[in-house]
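Novice: First the structure, then my questions, so here it is.
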């Protein structure tokens, strides 16, 4: 959208056209343009070109409207959060349309922020080029690196970080560990160790503090993963299939893929229309964790569920992602985490009671158990689940508790003298 001339009428007309083309509901079509027009008027009064607008301008716009509201009614809005959202969403969407992204990236406003930004950019490059890590892993590790830099405060200045010592790290680890499980502590400690190693590698710290980081000991095959029973899977599928709404049809197709193939959540959200070969009845899967690809037979039930979704529930759009959001703006589901709410909702609706997690991985675990009970070899199960090593597949042996109980030895009883 061109904004060389600050023509509010033309911009709002294009904004309305965009909302209609993206399939927004009538309520949004009625509410968003007037609020966007008021935001443009605010920018004009502040003599701010639209091209230079930032998220801070949206915040200032909302604060101004909040002040006007309080002066007019003598009180704050009753539902402050909903009121602010109603004023924030239209300008942000307008900025996304005009600038291509929102909120616009803010430049560092201090020497320390510029230094941290440079460190994190170099860290991401180091993880990508020298360690070959995926984008998701790099993003998680960079987030942990940002937390430690923020926590250092003045010790995070370019000169002070050079003299960073283990006492600084201990303070951060103690604060961060509060209330976390051993697994979570191990995860962030590992990320911290790698970041400290990077800092020493580039000469940002005088000492290699990574060697001083200790992690909780996690034992091989420790604990039993959460898994649904065969009956629970069937119950969740049956209840979801009865929901003939757009959401129900989409969710049923997702659950069929999880239950039939034991896919990871990220592999379902990454599925594209091009990955479904209808002529040969083949489903091409990109394994998110290993980066490998598999070609699986497109079986009858998941195939029919996918076809029903594509014909009757998927929005008409040029997007190639298979599974999309239910409401505008239509786009592919973000990563595997977006399926946790979907799966949990359907499992709870089916009345399935189980301790622990109720996310997509419970279907993967259930599929592994069913394959074990069908006497499928660990190698074949690993191939189906997309494992590189039989060690990864061996974890699922713990779930076949009834089968293991059948071959357990009797506990010897004490012999009376």
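Novice: Show me the ranking of peptides 296-308, 228-240, 121-133 by mean Cβ neighbours inside 10 Å, starting with the highest. Numbers along the way, then the final one.
Specialist: On the way: 296-308: 16.8, 228-240: 18.5, 121-133: 14.2.
In descending order of packing, they fall as 228-240, 296-308, 121-133.
Novice: May I ask for the distance between the Cα centers of segment 158-183 and segment 361-378, given as a whole number of Å?
Specialist: First find each Cα centre; the distance between them is then 41 Å.
Novice: In addition: Could you tell me the calculated FRET efficiency between residue 130 and residue 17, based on Cβ-Cβ distance and R0 = 41 angstrom, to the nearest 0.05?
Specialist: Working: r = 47 Å, r/R0 = 1.14.
It comes out at approximately 0.30.
FYI, it's all coordinate maths here, none of it is from the lab. Because the structure is predicted, anything quoted here is derived from the model rather than measured. Quick reminder, even Gly has a Cβ in these numbers, built from the backbone with ideal geometry, and neighbours come from all protein chains shown.
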